[in-house]
1. Among the residues of the range 150-175, count how many are assigned to a loop (DSSP other than H, G, I, E, B) and among the aliphatic types (A, V, I, L, M).
2. Are any of the residues in the range 195-212 assigned to a strand (DSSP E or B) and surrounded by fewer than 20 Cβ atoms within 10 Å (Cβ to Cβ)?
3. So how many residues does the range 150-167 have that are more than 24 Å from Phe211 (Cβ to Cβ) and surrounded by fewer than 16 Cβ atoms within 10 Å (Cβ to Cβ)?
4. Considering only the range 13-29, how many residues are within 16 Å of the chain's Cα centre (by Cα), surrounded by fewer than 16 Cβ atoms within 10 Å (Cβ to Cβ) and touching a residue at least 60 places away in the same chain (Cβ under 8 Å)?
5. Under 30 Å from Asn21 (Cα atoms) and in contact with a Pro (Cβ under 9 Å, 6 or more places away or on another chain), is that true of Ser237?
6. Across the range 78-104, what is the total count of residues that are modelled with pLDDT under 95 and either basic (Lys, Arg) or farther than 22 Å from Asn9 by Cα (or both)?
7. Please work out if Tyr39 is among the aromatic types (Phe, Trp, Tyr) and at pLDDT 95 or above.
8. Quick one: which residue in Leu232, Leu217 is over 27 Å from Pro156 (Cα atoms) and surrounded by 14 or more Cβ atoms within 10 Å (Cβ to Cβ)?
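The values are calculated or read from the model by the stated rules, or taken from the named source; none is laboratory data. Here the structure is a predicted model, which means the values were calculated and not measured. Cβ sites come from the backbone with ideal geometry, for glycine too, and all protein chains shown count toward neighbours.
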Amino acid sequence: MRLIIDIGNNFTKLASAFNENSIENIQRFKNNEESILNYIKTENFTSAIISSVGNPNLKLTNILKKLNIFTIILNHNTPIPIKNLYETPQTLGLDRLAAIVGAYSIYPNKNILIFDAGTALTIDFLNSNGEYLGGNISPGLEMRFKALNAFTHKLPLLEKTDTVNYIGNSTKTAIISGVQQGMLNEMEGYINKFAKNYENLQILITGGDSFFFENKLKNNIFANSNLVLIGLNNILSFND
């Protein structure tokens with residue numbers, strides 16, 4: 001049994017995996033070692049992979065080693081099943097890297113455009129040869145709302161809503177429409193651009209706001225909130 005650990009800024013996602021194509025028992029905890037250790041006790045894990053947005057958790061790593069669990073600490077030198085053509089691989093977020101590998105494992109030999117709609121909106125592209133060519137980063141939905149409030153004197157702080165009008169008729173609806181429709185237009189623009197240059201383009205979206213946007217985009221797009229976990233599992237399989 002494999003143990004998948006994805007440590008974010010505030011939360012940790014844990015999952016179990018029997019093989020490279022199965023992710024089970026997904027749980028999300030506030031970042032604390034006790035919850036992680038209790039999860040580890042639920043199964044007889046033989047291998048593990050840890051991805052962290054911060055510095056590696058050495059205490060957790062040592063515990064896994066004492067339990068004789070083969071452990072990979074993901075970094076930019078870890079062997080992966082795709083070719084990374086990013087010019088500065090050491091600066092590429094590990095969550096982005098894992099999501100790209102996850103997309104590749106689901107759609108091998110496809111041109112894939114991946115959106116991660118979280119704190120930031122990241123756009124990544126993997127071609128049908130399994131080559132990661134790079135991507136872009138822009139503010140996420142919540143960040144855009146907060147920026148309008150923080151950097152102006154009178155604009156209120158608002159939140160996303162399921163109603164998306166193309167144009168607002170009040171300050172409130174103008175902000176909501178501007179932020180949400182602007183982000184939708186941004187994603188549609190990328191989709192149209194890549195679709196013109198790459199055949200049979202597969203589009204995936206992950207991240208906290210993935211399901212919010214899935215049905216609002218005009219193109220065929222598939223949401224998968226576990227893309228990072230799937231990618232981590234495949235990286236572990238590649239090195240196991």
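1. Of the residues in the range 150-175, 5 are assigned to a loop (DSSP other than H, G, I, E, B) and among the aliphatic types (A, V, I, L, M).
2. yes
3. Total satisfying the criteria: 7.
4. So the answer is 1.
5. So Ser237 fits the description; yes.
6. Total satisfying the criteria: 1.
7. Values: among the aromatic types (Phe, Trp, Tyr): yes; at pLDDT 95 or above: no.
Answer is no for this residue.
8. One residue alone meets the criteria, Leu232.
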